[in-house]
């Protein structure tokens, strides 16, 4: 015991830290020599044992874990099953643009349990010089070519000028019927594609594989995925729910390191009001962030059991591999230990089923809104007019094609996109070609310094 007292607290703490690190990474004594001796730490002056430090809720586990530092955190957390899996998940580090970044963990999935629900990607603008086979000088030149490529991959191209700064790009254009954006200008000669949740849902089937083929082709310069969201839908909350997510965090099954991720709850948890509840895991600014929320109730069905889990990965501190487009389920399962435990049970509905369910909820909710807000008026007026056709003619909107905002999203699709920007590229005329046309046929509103032709006639200007 005298020898233990002669050991300074600082040195003893260092030895304990070394043993803990070896334990986390599964280093055995045969691999690294004899393990550092771990003895009960005593105060040098009195020999009394140090009192145990209080544990946070997610650290309620066995008492054999030792402090990693002097900041009150403890190693491990959660069930032995979660900690064993955490040991097996070796973190891969890679060097990218002079920075050390993490590669997302991938666990082979048995079935199809996740889909891509959002993707941001960038490519160098020289990519479109190669795909077009000609020199491009103006921003619109690049956008025309990007629109053409987007239609080949997603089924829709650029439809309008967004006239807003997005993700620090000076210019942006709308993809499809509000399905995302194309951004260009001011970001190291790159062009960004943003495909939002509606874009991923309505894009032509197989777009993930076509996008992967495009990004890995020899024509593409500096491709990079900067954000991707992986989503799983559980229509009956059989495996995943906000309560389940909170329980997994408390038990430590959302942790892969000493520090547990942040947790935040939104909605009325003590007296649920049918508007839905959400659990957020992690920080939005970090490279990994999770949402578990009641999707059906958010859409308007107060009795729905539909729960959605979304994992958001960003390139701020990790390198997102391109094959995540082909294997979203593998990376979804590898995001947290608690998801890996469910790899044999989780399956996610096909996108068409998700579209149908969202449309059904929106339609039923619209009827409920009409009944609640103007139902009494309609009942009274039916008695007064005694003619339903006349009543409908009186109360209907003057625009026969108008649609409530709630119903617009479910009814969107490839057929609602309209015309694409690159389809009008051939309408631009050179000055010489414009002079050869009758004045009445030329629209002298300059587009990129070139007049356009009226009447929809196609005229090659080059």
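The values are calculated or read from the model by the stated rules, or taken from the named source; none is laboratory data. All figures in this text were calculated on a predicted structure; none of them were measured in a lab. Ideal geometry is used to build each Cβ from the backbone, glycine not excepted, and the neighbour counts take in all protein chains shown.
Some points to look at:
- Residue ranges of helices (runs of 4 or more DSSP H) in the range 287-405 with at least 2 members closer than 30 Å to residue 105 by Cβ: 295-299, 328-333, 337-340, 351-385
- Residue ID - nearest to residue 93 (Cα to Cα), chosen from residues in the range 272-287 that are surrounded by 19 or more Cβ atoms within 10 Å (Cβ to Cβ) and in contact with a helix residue (DSSP H, G or I) (Cβ under 7 Å, 6 or more places away or on another chain): 281
- Scanning the range 216-235 for residues that are surrounded by fewer than 20 Cβ atoms within 10 Å (Cβ to Cβ) and more than 15 Å from residue 127 (Cβ to Cβ) gives 226, 227, 235.
- Test for residue 414: is it within 30 Å of residue 310 (Cα to Cα), in contact with a helix residue (DSSP H, G or I) (Cβ under 8 Å, 6 or more places away or on another chain) and surrounded by fewer than 17 Cβ atoms within 10 Å (Cβ to Cβ): yes
- The single residue among 260, 290 that is crowded, with 19+ Cβ neighbours inside 10 Å and modelled with pLDDT of 95 or more turns out to be 290.
- Among the residues of the range 102-138, those that are in contact with a strand residue (DSSP E or B) (Cβ under 9 Å, 6 or more places away or on another chain) and within 17 Å of residue 187 (Cα to Cα) comprise 120, 121, 122, 123, 124, 125, 127, 128.
- Every residue from the range 294-312 that is touching a strand residue (DSSP E or B) at 6+ places or on another chain (Cβ under 6 Å) and surrounded by fewer than 22 Cβ atoms within 10 Å (Cβ to Cβ): 308, 310, 312
- For residue 373: the one exception among (1) surrounded by 11 or more Cβ atoms within 10 Å (Cβ to Cβ); (2) under 30 Å from residue 354 (Cα atoms); (3) out of contact with any helix residue (DSSP H, G or I) (no Cβ under 7 Å at 6 or more places or on another chain); (4) at pLDDT 90 or above: (1)
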